[in-house]
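This report concerns only the one structure given below.
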């Protein structure tokens, strides 16, 4: 049973890889337009702000986990700490 499944899987992968001409070739109907004009730069370069913003620390740990303390999730569910 396992060998039949393995051979079937390998056979299907080979068929998938060969593609056997399932997709017809795409014929191009129109040549792409050729742009012989050189781009002109009319805007002056803008000076970028190189100052770095001040970093603000955020306490992601939350309050300490104590027995009986409750934590409310965003979806409204409540987690109650119990002794382990």
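What follows is calculated from the coordinates using simple rules that are stated; it is not laboratory data. Keep in mind that what you see is a predicted model, and the values were worked out from it rather than measured. Cβ sites come from the backbone with ideal geometry, for glycine too, and all protein chains shown count toward neighbours.
Extension gain residue 12-residue 65, at 0.36 nm per residue separation less the Cα-Cα distance, in nm? Walk me through the intermediate numbers first.
Numbers: separation 53, 0.36 × 53 = 19.08 nm, distance 5.42 nm.
Length gained between residue 12 and residue 65: 13.7 nm.
Got a sec? How would 44, 69 order by Cβ neighbour count within 10 Å, fewest to most? List each step's numbers first, then the result.
Working: 44 6, 69 12.
The fewest-first ordering by Cβ neighbours comes to 44, 69.
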